[in-house]
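Input: a single structure, listed below in structure tokens.
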């Protein structure tokens with residue numbers, strides 16, 4: 001039976017030999033992400049900083065460019081427009097105005113006056129500071145609980161060393177994604193949190209595939225030096241990992257370029273997540289096992305092959 005491989009079946013790349021380079025690159029990425037988040041911060045969306053959400057229907061297909069220019073001249077701060085389902089359905093987000101409810105009502109009146117007659121206002125919501133703060137912490141809890149659940153799952157399926165390695169790689173992916181949003185100034189909202197949770201699931205799936213081969217080889221090659229065993233495990237699963245990533249990226253690129261503004265930031269986060277998740281599964285999660293003293297059979301694994309008893 002013929003098969004298709006992007007990567008030759010007998011490939012033997014030296015991933016473990018370059019682990020110091022990978023670790024240095026990952027530390028630099030994570031440190032940069034934390035620095036960007038601390039110094040520059042994130043561009044929080046209305047979900048997290050409060051504001052006004054207006055769902056409208058226009059008489060015909062909406063001209064988003066003209067509407068953005070029109071509403072941007074009102075002096076209301078950040079105003080974003082997205083096509084919401086049909087070409088004549090538009091979701092408008094206006095940042096929270098200084099002042100109480102009266103200030104929000106004034107801003108809403110300005111928007112309605114600017115848009116003129118013929119607009120159907122289907123839904124108007126005010127997201128207050130308390131609700132936005134609750135949404136923010138709910139998002140943080142969701143990511144935290146997901147990481148904890150993954151740790152427990154990997155611990156029970158493999159051993160605690162594998163769980164620790166997987167969580168380090170997962171935190172690496174989450175922090176670098178947040179750092180990318182801080183660097184580019186992209187809006188960070190509930191959709192981004194959903195993207196991060198999806199990235200976590202994708203990344204851990206890749207890691208589990210490689211870890212499963214590592215565990216199989218630990219039982220099969222009890223005398224092989226651990227660095228060689230880990231490197232072989234990566235190379236044996238490399239074709240599957242790359243093909244999965246490439247096919248996922250094809251779908252995400254289609255969503256990014258053709259899906260419209262509504263899911264563009266989500267798609268961008270997922271594209272980055274697939275790339276960084278593939279990297280961390282191969283270059284971070286597996287090499288970390290060398291430093292976690294994983295078990296092989298009944299004893300502890302060492303970096304060199306155990307001597308054969310006379």
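The values are calculated or read from the model by the stated rules, or taken from the named source; none is laboratory data. Source: prediction; values computed, not measured. Reconstructed Cβ throughout: ideal geometry from the backbone, glycine too, with neighbour counts over all protein chains shown.
Among the listed residues 62, 31, identify the single one that is touching a strand residue (DSSP E or B) at 6+ places or on another chain (Cβ under 6 Å) and free of Cβ contacts under 8 Å to residues at least 40 places away in the same chain.
62
Going by the structure shown, is residue 202 surrounded by fewer than 17 Cβ atoms within 10 Å (Cβ to Cβ), outside the structural domain of residue 63 (by TED's automatic domain parsing) and part of a helix (DSSP H, G or I)? Step through it out loud before you land on a result.
Details: surrounded by fewer than 17 Cβ atoms within 10 Å (Cβ to Cβ): no; outside the structural domain of residue 63 (by TED's automatic domain parsing): yes; part of a helix (DSSP H, G or I): yes.
It is false that residue 202 is surrounded by fewer than 17 Cβ atoms within 10 Å (Cβ to Cβ), outside the structural domain of residue 63 (by TED's automatic domain parsing) and part of a helix (DSSP H, G or I).
Taking the condition closer than 28 Å to residue 191 by Cβ and either in contact with a strand residue (DSSP E or B) (Cβ under 6 Å, 6 or more places away or on another chain) or in the same structural domain as residue 91 (by TED's automatic domain parsing) (or both), does residue 277 pass?
no
Does residue 251 count as touching a strand residue (DSSP E or B) at 6+ places or on another chain (Cβ under 9 Å) and modelled with pLDDT of 90 or more?
no
Look through the stretch 102-131, keep the residues that are closer than 15 Å to residue 80 by Cβ and in a strand (DSSP E or B), and return whichever of them is modelled with the lowest pLDDT.
Of everything passing the filter in the stretch 102-131, 127 is modelled with the lowest pLDDT.
Being under 26 Å from residue 28 (Cβ atoms) and more than 13 Å from the chain's Cα centre (by Cα) narrows it down to one residue among 180, 249, 218; which is it?
249
Taking the stretch 229-264 only, how many residues are touching a helix residue (DSSP H, G or I) at 6+ places or on another chain (Cβ under 8 Å), more than 18 Å from residue 159 (Cα to Cα) and in contact (Cβ under 8 Å) with a residue 12 or more places away in the chain?
19
For the stretch 142-194: of the residues being in contact with a strand residue (DSSP E or B) (Cβ under 6 Å, 6 or more places away or on another chain) and buried (at least 22 other Cβ atoms within 10 Å of the Cβ), which is modelled with the lowest pLDDT?
188
So which residues in the stretch 202-228 are within 30 Å of residue 47 (Cα to Cα) and either in contact with a strand residue (DSSP E or B) (Cβ under 8 Å, 6 or more places away or on another chain) or in contact (Cβ under 8 Å) with a residue 24 or more places away in the chain (or both), if there are any at all?
Residues satisfying the conditions are 202, 203, 204.
Go through (1) at pLDDT 80 or above; (2) within 27 Å of residue 259 (Cα to Cα); (3) crowded, with 16+ Cβ neighbours inside 10 Å for residue 84 and report which single condition fails.
Going through (1) at pLDDT 80 or above; (2) within 27 Å of residue 259 (Cα to Cα); (3) crowded, with 16+ Cβ neighbours inside 10 Å one by one, residue 84 breaks only (1).
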